[in-house]
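Colleague: Would you mind keeping the following structure in view while I ask a few things?
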Amino acid sequence: MTEQSTAPAANTLSAQQQAILPIAAFAAAGDIAKLNAVLNQGLDAGLTISDAREVLVQLYAYAGFPRSLNALTELMQVVQARQQRGIHDAPGREPSHAIPKGDALRAAGTANQTRLVGQAVQGPIFEFEPAIGEYLQSHLFGAIFERDNLDWQSRELATVGMLSALPGAEAQLQSHMTMSMNTGLTAAQMQQAVQVLGERAGAESGKRAREALAKALATRPR
């Protein structure tokens, strides 16, 4: 997204930011029929093709490659159908720099993870299985978050939308509520995100998001 398209009024989400939430939720749930509708709505709201594509690529880290591939296929078909109707959506842009490789990628990912979480990430799970920490740092916070053609606020909103659709991921949803606010999104904007999920992605997504945000705000330093 461009700076102009992502700059919301104080304490509100932009139309594009709002549109990301149900796209991410229905993609994670594998509900292709509803994804079709919200993809069209998102493109109508000003998301570029690149914006939507980045969200659906990021999905693989949370819901797996099958749902990411299915969602990307649906986006491709939506864009083609819109072109046939004479609608030409803005293509968006590619990342502005080459993504690091190898050790440099993990180093970049570790730095990104630390910045988003607010501290270095440690814990018994990463001692029990170090590979999962490496994959988080190299793949998610490295290869994905180093792609700067979608800003971090949008990526975190996408993550919140995805996790709100996944039963059993409440702890991770709470963590990403906090990370969203660490990107500069306000509590009021996250309350709006919860409302958007409830209205556009369904009651269950809204309920999970509401409960996760309440817990995140309760533990956030004042």
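Each value in this text was obtained by applying a stated rule to the coordinates, not by laboratory testing. Everything quoted here is computed from the prediction, not taken from an experiment. FYI the Cβ positions are ideal-geometry reconstructions off the backbone, even for glycines, and counts take in every protein chain you see.
Colleague: Go through segment 55-67 residue by residue and turn each phi into a ³J(HN,Hα) via Karplus (6.51, -1.76, 1.60, θ = phi - 60°); whole Hz please, and just put x for glycine and proline.
Modeller: 4, 6, 5, 4, 3, 4, 6, 10, 10, x, 4, x, 6
Colleague: Another one. How far is the Cα center of segment 126-184 from the Cα center of segment 49-116, in Å?
Modeller: After rounding, the separation between the Cα centres reads 14 Å.
Colleague: Also: Dividing the Cα convex hull volume of segment 97-148 by residue count, how many Å³ per residue is that?
Modeller: Per residue, the Cα convex hull of segment 97-148 comes to 63 Å³.
Colleague: Run down the aspartates and glutamates and flag those whose C-alpha is under 13 Å from the C-alpha of K207, throwing out any fewer than 8 positions away in its chain.
Modeller: Within the straight-line cut-off, K207 pairs with E170, E199.
Colleague: Among F128, A81, G109, which residue has its Cα furthest toward the positive end of the charge dipole of the chain, with +1 on Lys/Arg Cβ and -1 on Asp/Glu Cβ?
Modeller: So the residue furthest toward the plus end is A81.
Colleague: Looking only at T178, T48, T114, which one moves most when the chain is put into a Gaussian network model with springs between Cα atoms under 10 Å?
Modeller: T114
Colleague: Could you tell me the relative contact order of segment 97-148? Use alpha-carbon pairs under 8 Å, at least six residues apart, and round to a whole percent.
Modeller: 55
Colleague: Top mean-square fluctuation among A71, A27, A120, Gaussian network model of the chain, C-alpha springs under 10 Å?
Modeller: Answer for the Gaussian network model of the chain: A120.
Colleague: Tell me the Kirkwood radius of the chain: reciprocal of the mean inverse pair distance over distinct alpha-carbon atoms, in Å.
Modeller: 17.6
Colleague: May I ask you to work out the translational diffusion coefficient for segment 20-142 at 37 °C, viscosity 0.692 mPa s, via Stokes-Einstein with Rh from the Kirkwood sum over Cα pairs, reported in whole µm²/s?
Modeller: 204
Colleague: For segment 105-216, what D do you get in µm² per second when you plug the Kirkwood radius from alpha-carbon pairs into Stokes-Einstein at 20 °C and 1.002 mPa s?
Modeller: 149
Colleague: Over segment 176-216, what lengths in whole Å, largest first, do the semi-axes of the equivalent ellipsoid take, defined as the square roots of 5 times the eigenvalues of the alpha-carbon gyration tensor?
Modeller: 17, 10, 7
Colleague: Separate question: Among R208, R115, R53, whose mean-square fluctuation peaks in a Gaussian network model of the chain (Cα, cutoff 10 Å)?
Modeller: Between R208, R115, R53, it is R115 that shows the largest mean-square fluctuation.
Colleague: Give me, ordered by chain and number, the residues 5 or more places off L150 or on other chains with an amide H under 5 Å from its own placed amide H.
Modeller: Placed amide hydrogens put nothing under 5 Å from L150.
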